[in-house]
Each structure stands twice: as structure tokens, then as C-alpha cells.
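Nothing in this text is a laboratory measurement; each read-out follows from the coordinates by a stated rule. Just so you know, these numbers come straight off a predicted model, no measurement behind them. We place every Cβ from the backbone using ideal geometry, glycine too, and count neighbours over all the protein chains shown.
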Amino acid sequence: MAEKNERMLDKALAEAMIRKSSEYLDFNRNVRESARVLEDSLSAFITKGGEDLSTNRLLNQTKDVIALSNNPLHTFHMLQNIRHYDDATFIHCLNVAIICHSFGKWLKLPGKDLDVLTLAGILHDVGKMWIPEEIIKKPGSLTDEEYSVIKMHPTRGYHILEPMQVDVRIKNVALMHHERKDGSGYPSGLRGDEIDEFARIVAIIDNYDAMTSARIYRGALCPFEVIEVLEEEGDTKFDTKYMSAFLTWVTESYVGSNVILSDGRKGRIIRNNSCKSLPVVETEDGEVDLSKEKDLLIKSIPDC
């Protein structure tokens, strides 16, 4: 119990230090302002029955947030701290857009494609604006009927965006980001290459952000817990090429991070393995290769 309390205290102190930094305060303020701009813009667009949406404003607002940090790991850390206590749909959309932009740069996408992918991240969940708040924020399990309503948001999102003069890939992402390679997704049960390429990218990032974000019914999962899940499901559910690239990019971003292992030891990630969820960690006892240790995992990242 004492060790658990110490780990919780270390994590709380690390979070408090991040939240007091001027970088975080600027980032937090800009993310919230961008979320407000996104919500206001979409609400006005829907209320006015199809008047054009200023995608340039949304894109520029998001780029302003991205410009606050040149280090993807710092961006991840600050997003983690925002999502610990504010998991609004619009914060999630901005998280996805920011990660899409950083990952797209790592993939060396051309500038126009990078803007399209970023906008697709911003607008991928636009259909949730039609979902009653009591369902979106329900703390308990959804009924079958409520889940059916949730599963309508991709189709609704596509219908919202369909009349707009935006790249068709943005519309397809709204429609297809819950489709899965094996046909188990929704709304149409598409498979493999039937799914838009950008929708395949956003599906991975949307899933990653959702699992590493706090929910009303659970806390945020440790990124390496999520990486383990994505490693197990990647070949079945998601585009293998993009999943492999995403996991490489994410884990490279965490090299140098302080971690707490499942046995309570503290350490620092010094390099990755082919098994991305089990890197090599330097502790006071020496290097620990988690891929060779039974039942030893990264339990938390105090800086996040």
C-alpha cells in the first residue's frame, strides 16, 4: 500500500509540475479556445442549415496549438494532462487532429495532404453533435438501443459534410473511421482497401486517443498498455502498414521518458524492441529488457 501511495504521489507531483509550466498553460488555453471555436463553428453550421463552414479557420486554429510545441512527446504529455479532467468530444477531436498532423509529418505527407489529414481529424466525429448529451456522457454501460444511436454518428457526420466544398477524403473519414480491416466495423462493414486510406489512419489515431483518455467510467490507460492492445489487434482490425508505422513513431517519441514498472521500480526508456510495448528500461539496478522479463511491464509514465 505504501509503494502504491508513493507511485500515486510521484505521478501527481509530475502532473502538477507540467500544469504549472508556462508552456502547458499556453497549450491548455489554446486547446480550449480551439475546442470552443470548433464547437461554435459546427453549431452555427448545423443551425443555419448548410451555410459553408470555415475549414481554414479550424485548420489555422489547430496549427496555432501545434506550433506551441516542436516536440511530439511534450505535446503528448500536455494532451494527457488535459484529458485527465476534460474529455469533451471537441477536445478529443483536437487531440486526434494534433496527432494526425504530427504523424502525417513523420510519414512525410505533402503539405496539402497533411492539411487534409489534419482537417479530417478535426471533423471525424462531427456526427456526434446529433447524439443526445445524456448518451455521450452516460457514466454506465449503454443499452443496445443507446449503442445503436452512437453507431449512427459516422453516417450523420457524412451527411453533415456531404454538401460542403471540402476534400472527399474528409467526408470519407467521417463516414469510415469506425470501419475495420476484417469487416467487423460500422456502419457498412467495409473491409481492407474498401476503406478510405485516410480513414484507415484516423481509425488508428482515434482508437489510441480514446484509450489513453479518461472516461467517466474509467481513468486514462497508460500509453504502453494501449500499445500492447494495438500490437495484438493491429493485424486484424487495422491497416498493418500504418499501424506498424504509428507504433514505431509513438514508441520512438517515448524514448528518454521516465517510467514506473509493474514491480514499483523507477526507470527511463533507453531504446525500443521489436515488441513495441516492451522496451529496454534503465533502472538503478541496470538495464532491464522487458521483452525478456516475465510479467514485468510499464505501469505508468509519471510525466504524462
Alpha carbon centre of the stretch 262-303 versus the stretch 120-182: separation in Å?
37 Å
Quickly rank 246-256, 196-206 as a protection proxy: mean count of other C-beta atoms within 10 Å, highest first.
196-206, 246-256
Would you mind checking which residues have amide H under 5 Å from Lys299's amide H? H placed 1.01 Å from N; only 5 or more apart, or other chain.
Ile260, Leu261, Ser262
Tell me, what is the percent relative contact order of the stretch 145-200, built from C-alpha pairs under 8 Å that lie six or more residues apart?
29 percent
Tell me, Glu134, Glu33 in order of fewest to most beta-carbon neighbours within 10 Å?
Glu134, Glu33
In Å, the Kirkwood estimate of hydrodynamic radius for the stretch 87-237 over Cα pairs equals 15.8 Å
